[in-house]
Amino acid sequence: MKITDIKIIVSSPGRNFVTVKIFTDEGLTGIGDATLNGREKAVVAYLQDHLVPVLTGRDPQRIEDIWQYLYKGAYWRRGPVTMAAIGGIDTALWDIKAKAAGMPLYQLLGGASRERLMAYVHAQGSEIAQTVEAVARRMEEGFRAVRAQVGIPGLPAVYGTDKSATNTADLNGLPQEEVWSTPKYLRHVPKLFEALRGDLGWEVELLHDVHHRLTPIEAARLGKDLEPFRLFWLEDAVAAEHQESFRLIRQHTVTPLALGEVFNTVWDARLLIEEQLIDYIRMTTVHAGGVTPLRRIMDLAGLYNVRTACHGAMDMSPACLAANLHLGLWAPNFGIQEYSPYMPETLDVFPGAWTVSDGHLHPGEAHGHGVEIDEALAAKFPYERSYLPVNRLEDGTLWHW
Ligand code: CS2
Ligand code: MG
């Protein structure tokens with residue numbers, strides 16, 4: 001089998017997506033997500049100018065060799081742009097291989113380790129009462145795990161609440177600037193979870209995303225303050241370039257920790273996993289460089305009692321979600337899968353076999369990963385430059401968003 005063509009499809013059905021579509025001389029095609037929110041065009045250039053020329057004519061069945069060729073052969077390794085580009089190619093190759101084998105991708109990985117995948121969804125509000133209502137609505141929808149975020153008194157919109165824009169195409173395409181105060185945040189968030197447990201009880205799993213904004217000792221403080229409310233996890237408590245800093249958090253709190261949505265190779269997480277400084281690894285197919293490395297990372301995590309929790313916000317396309325679901329159905333150490341319902345136009349452009357019901361997800365039985373792209377429809381949603389917001393402390397210091 002030979003790769004005859006590779007298309008890089010940039011489309012914006014609801015938000016910008018970058019999709020790799022690989023064509024073969026046997027008529028099989030495969031797609032992969034290569035979306036990097038806010039830096040999409042950098043990945044497109046990496047793919048079009050550097051990867052497509054070296055892949056055309058190769059045997060698409062040689063997935064491992066192609067992955068090694070793209071990773072080591074670049075000389076310059078790692079990084080979100082490189083790994084999202086490789087991730088798009090790799091996912092498309094696994095899609096082709098499973099189609100050629102006449103089976104869903106999870107079968108090719110080793111078969112199902114469970115019947116379905118527990119999902120978690122987002123709930124937020126500007127005030128505690130609104131978030132409590134939003135979590136209650138999610139529970140009525142059948143979800144058993146809900147991430148709760150809330151506005152902070154004295155601050156304008158903060159991450160994860162309705163008024164915080166996760167993309168800013170409407171601000172003439174420039175980043176929205178948000179304001180942060182850790183003291184105000186640390187004082188308020190425990191009240192949210194006290195209200196949630198008091199009003200909604202203990203059946204629902206509650207999650208919270210700090211979004212990289214604390215120092216280790218502040219994260220330790222928050223973890224301790226939240227212990228009475230038994231969170232499923234506290235996510236991205238601290239920006240994790242310095243993996244060792246999680247030793248300090250771990251000493252002070254038993255609140256489970258999740259990390260890794262911004263990681264792009266196993267080296268970003270190795271120490272965290274080997275020293276069991278985290279409980280859930282959030283790496284996702286597109287940003288981890290594809291199925292090939294992610295299943296290795298999942299296996300490493302499993303050796304150290306770390307469970308999987310692939311990032312699944314709506315800025316990863318349904319092709320990434322589907323690959324995550326196949327990996328999740330196979331992985332013996334599956335933890336939970338993030339699910340952000342897509343816009344209708346996104347689902348029209350990316351029809352798929354995956355399903356969500358009763359708070360759980362399943363990849364379906366279609367051959368490959370089960371998601372396709374409607375190229376004609378995709379062309380009707382042109383790319384529109386958009387940025388993620390940036391964050392500043394109240395004194396103007398640029399901070400983690
Ligand atoms: C968030 C994401 O879902 C999450 O856990 O951290 O929504 C994140 O803000 C976006 O993916 C950034 O593009
Ligand atoms: Mg997150």
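The values are calculated or read from the model by the stated rules, or taken from the named source; none is laboratory data. Note that the coordinates shown come from a computational prediction; the quantities given were computed from them, not determined experimentally. Neighbour counts run over all protein chains shown; Cβ positions are idealised from the backbone, glycine included. Accessible surface is based on the protein model in full, side chains and every heavy atom, while ligands, DNA and RNA are left aside. Shrake-Rupley method; radii C 1.70, N 1.55, O 1.52, S 1.80 Å.
In a fully extended conformation the segment linking Glu241 and Gln130 would gain 36.5 nm over its present Cα-Cα distance, using 0.36 nm per residue. Each of Ser357 and Lys41 was given a label point 7 Å from its Cα along the Cα-to-Cβ line. The distance between the two points is 4.4 nm. Which one, Ala309, Ile281, Gln149, is farthest towards the positive end of the dipole of the chain when Lys and Arg carry +1 and Asp and Glu -1 on their Cβ? Checking the options against the dipole of the chain, the answer is Ile281.
Sparsely packed loop sites in region 1-101 (the chymotrypsin sites (Phe, Trp or Tyr not before Pro) outside DSSP H, G, I, E and B with at most 15 other Cβ atoms within 10 Å) comprise Tyr75, Trp76. Within the chain, DSSP assigns beta bridges of which about 45% are antiparallel (rounded to the nearest 5). Rounded to the nearest 10 degrees, what's the angle between the helix 63-72 long axis and the longest principal axis of the chain, both from Cα atoms, 0 to 90? Roughly 70 degrees between the two axes. Taken per residue, the accessible surface of region 108-367 reaches 38 Å², heavy atoms only and a 1.4 Å probe. Couplings 3J(HN,Hα) for region 377-393, derived from phi with the Karplus relation 6.51 cos²θ - 1.76 cosθ + 1.60 (θ = phi - 60°), are 5, 4, 5, 7, 10, x, 4, 9, 3, 8, 10, 6, x, 10, 10, 10, 5 Hz, where x marks Gly and Pro.
So between Arg197 and Lys380, what do we pick up on full extension, going 0.36 nm a residue minus the alpha carbon distance?
Numbers: separation 183, 0.36 × 183 = 65.88 nm, distance 4.55 nm.
My answer for the length gained is 61.3 nm.
Per-atom-type breakdown for region 213-255 gives carbon and sulfur 54% of the accessible area (1.4 Å probe, protein chains only). Once you order the gyration tensor axes a ≥ b ≥ c over the Cα atoms, which shape class does region 3-104 get: rounded for a/c under 1.5, otherwise prolate or oblate by comparing a/b with b/c? Taking the square roots of the gyration eigenvalues as a ≥ b ≥ c, region 3-104 is oblate.
For the options Lys72, Lys41, Lys99, a Gaussian network treatment of the chain with springs between C-alpha atoms closer than 10 Å singles out Lys72 as fluctuating the most. For q values of 0.13, 0.26, 0.31 Å⁻¹, compute log₁₀ I(q)/I(0) with the Debye formula on a Cα-only model of region 295-349, without solvent. With no solvent term, the Cα-only Debye profile gives -0.35, -0.98, -1.23. Over 22 Å apart at the Cα level, from the set Lys184/Lys224; Lys2/Lys380; Lys7/Lys97; Lys21/Lys380; Lys41/Lys99; Lys99/Lys380, are Lys2/Lys380; Lys41/Lys99; Lys99/Lys380.
Karplus-based coupling profile of region 37-53, in residue order and whole Hz: 4, x, 9, 4, 5, 5, 5, 4, 5, 4, 5, 5, 8, 10, 8, 4, x, with θ = phi - 60° in 6.51 cos²θ - 1.76 cosθ + 1.60 and x standing for Gly or Pro. If R0 is taken as 41 Å, the Cβ-Cβ distance between Arg392 and Val54 corresponds to a FRET efficiency of 0.45.
For region 47-127, what % of the accessible area comes from carbon and sulfur atoms, probe 1.4 Å?
Carbon and sulfur together cover 49 percent of it.
Under 1.5 on a/c is rounded, so check that first for region 82-217, then, if it is not, pick prolate when a/b is larger than b/c and oblate when it is not; a ≥ b ≥ c are the square roots of the alpha carbon gyration tensor eigenvalues. Here region 82-217 falls in the oblate category. Looking at the square roots a ≥ b ≥ c of the eigenvalues of the Cα gyration tensor of region 108-367, which shape do they give, rounded for a/c under 1.5, prolate if a/b is larger than b/c, or oblate? It is rounded, given that a/c, with a ≥ b ≥ c, falls under 1.5. Per residue, the solvent-accessible area of region 3-104 (1.4 Å probe, heavy atoms of protein chains only, all protein chains present) comes to 38 Å².
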